[in-house]
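Read through the structure below, which is laid out as structure tokens, and then see the notes.
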Amino acid sequence: MTEAAIGILGGTFDPVHSAHLALAKTARRMLGLERILWIPAGQPRHRDTPLAPGTDRLAMVELAIAGHSAFEIDASEVLSETPSYTVPTLERLRTRFGTARPLLLLLGADAFLGLPTWHRWRELFGLAHLAVATRPGFALDTAAMAAELAAEFDSRHHDTITGPAGTITTFSLVAGTVSATETRAMLAAGQDPGDWLPPGILDYIRTHHLYGT
């Protein structure tokens, strides 16, 4: 019997917003995931340093996923004093879950296109499947990919996944785009992001005076 698949959603979550939740919920439903591990980044090497402290970003994710029994937090990266890399995190999760269980690394299309800049990125395929979220009507185009990524996509892309790792699959998001950058700008300007933030997050941000509030 095939073991149930687990989704892995990493990010700075600076702050966590409604699009993150929409991606996780859609991925779980469309990809048949047993659960999703949310992994807030500590010091990501391929992104700017987060504005909010790790402890606050961790607390906001905890608030955002409260009540979602299929969502869990893995705080190993955000609590680490060393830079965050995805491959070592996946290696640790393989040790935890074993070699047979399917692991799906959930990515937005922009993150996927930037994959060749990631540390040891080719090793990702031996550790997990890659599930890329796309917007309706905007399929991934190999012409927009770096040549080495396009070659991997052509050889690994399938609509269904088999085995524990190695496939690139896609799933479509219906929800509109929400940007953490735009959310922070609205907060700094004293504006209310409204539905862009999950319940409890705006109060947390204001209470802890994050993002210029």
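Name the residues in the range 1-34 that are outside any loop (DSSP other than H, G, I, E, B), over 18 Å from LEU63 (Cβ atoms) and out of contact with any helix residue (DSSP H, G or I) (no Cβ under 8 Å at 6 or more places or on another chain), would you?
THR26, ALA27, ARG28, ARG29, MET30, LEU31, GLU34, listed by residue number.
Every residue in the range 159-195 that is part of a loop (DSSP other than H, G, I, E, B) and surrounded by fewer than 11 Cβ atoms within 10 Å (Cβ to Cβ), please.
Applying the first criterion (part of a loop (DSSP other than H, G, I, E, B)) to the range 159-195 yields 159-167, 173-179, 189-193.
Selection gives ASP159, THR160, THR162, GLY163, VAL174, THR177, ALA189, GLY190, GLN191, ASP192.
Between a first residue in the range 140-158 that is part of a helix (DSSP H, G or I) and a second residue that is of a type in the set (Phe, Trp, Tyr) and surrounded by 12 or more Cβ atoms within 10 Å (Cβ to Cβ), which pairs have beta carbons less than 6 Å apart while being 6 or more apart in sequence or on different chains?
Going by the 6 Å Cβ cut-off, the qualifying pairs are THR142/PHE153.
Residues that are surrounded by 21 or more Cβ atoms within 10 Å (Cβ to Cβ), part of a strand (DSSP E or B), touching a residue at least 24 places away in the same chain (Cβ under 8 Å) and out of contact with any Lys or Arg (no Cβ under 7 Å at 6 or more places or on another chain): does the range 38-47 have at least one?
Yes - at least one qualifying residue is present in the range 38-47.
Would you check which residues across the range 114-130 are part of a helix (DSSP H, G or I), more than 14 Å from the chain's Cα centre (by Cα) and buried (at least 17 other Cβ atoms within 10 Å of the Cβ) and list them?
Within the range 114-130, TRP121, LEU124, PHE125 qualify.
Free of Cβ contacts under 8 Å to residues at least 24 places away in the same chain, under 19 Å from VAL178 (Cα atoms), outside any loop (DSSP other than H, G, I, E, B) and within 14 Å of the chain's Cα centre (by Cα): which single residue out of ALA111, ALA133 fits that description?
Matching residue, one of ALA111, ALA133: ALA111.
Show the residue pairs meeting these rules: Cβ distance below 6 Å; 6+ apart or different chains; first residue within the range 64-88 and over 16 Å from THR12 (Cβ atoms); second residue of a type in the set (Asp, Glu) and modelled with pLDDT of 95 or more.
Close Cβ pairs satisfying both conditions: VAL87/GLU123.
The values are calculated or read from the model by the stated rules, or taken from the named source; none is laboratory data. Quantities reported herein were computed from a predicted structural model and do not represent experimental measurements. We place every Cβ from the backbone using ideal geometry, glycine too, and count neighbours over all the protein chains shown.
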